[in-house]
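Accompanying notes for the structure given below.
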Amino acid sequence: GILAVVAIGIAAVARDGARRQAATVFVAVVTMAYGARTVARNRDWTDDLTLWRSTVAAAPASAKAHRALAEALYEADPTHRNLDEVIASADRAVALLEPLEDERNTFQAFRQAGAYYLDKATQVEQATPANPAERRRLYSRALHLLDRAVVIARLGASQLPGGSMEPEADAQRLRAAAILGLENPSLALVADEHLLDAIVFG
């Protein structure tokens, strides 16, 4: 429709042969340029990974794009040997969201990043030789992220009539795993009690 309007406008302005020829060349160049852009952009839609890599490149300040890229990376490799790259993307999303008030924030970014850190801690535990200091750092980072996820989820549920407690229960379950990883079973038990409360009363 836009091209039709442009063509009509050019035809009205370009009344003599020379102007009409110049207008035709101009329209052909613009059409080819947009056609080339379409062909190049089609490659970005190959799969979720190419799509979100392209989105991050185009919008590096988008937390949603970084979070989605982390998820696409995680799903792309069933062995999760790429967890460092996954975590880098998730951390970038969290860094962009960190300054926002809890009322305006997104539970999923913090929950997801915390879960990736738990996976990485498990990898470190299973490595030979294991690295206890790195494992503790990873569990501590996971717990920090999941603490924020719980706060955001709880606040989100309280703001909606009949709001679901399921997100908080999910984050509490992961928190318990992080606390156990830090070898603090009594605190993990408290997290499990919060999890049960969220399930029973949610």
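The values are calculated or read from the model by the stated rules, or taken from the named source; none is laboratory data. The model shown is predicted, which means the values in this text are computed figures rather than measured ones. Neighbour counts are summed over all protein chains in view; Cβ atoms, including those assigned to glycine, are modelled from backbone coordinates with ideal geometry. The protein model used for the area step is the full one, side chains on, heavy atoms only, and it has no ligands, DNA or RNA in it. Shrake-Rupley method; radii C 1.70, N 1.55, O 1.52, S 1.80 Å.
Can you pull out the residues in the range 70-93 that are open to solvent by 10 Å² or more (accessible area, probe 1.4 Å), among the hydrophobic types (A, V, I, L, M, F, W, C) and more than 17 Å from Val124 (Cβ to Cβ)?
Result: Ala72, Ala76.
Would you mention how many residues in the range 94-120 are of a type in the set (S, T, N, Q), open to solvent by 40 Å² or more (accessible area, probe 1.4 Å) and in a helix (DSSP H, G or I)?
Going residue by residue through the range 94-120, those that are of a type in the set (S, T, N, Q) are 105-106, 108, 112.
Filter once more, keeping what is open to solvent by 40 Å² or more (accessible area, probe 1.4 Å): 106, 108.
Remaining after also requiring in a helix (DSSP H, G or I): 108.
Result for the range 94-120: 1.
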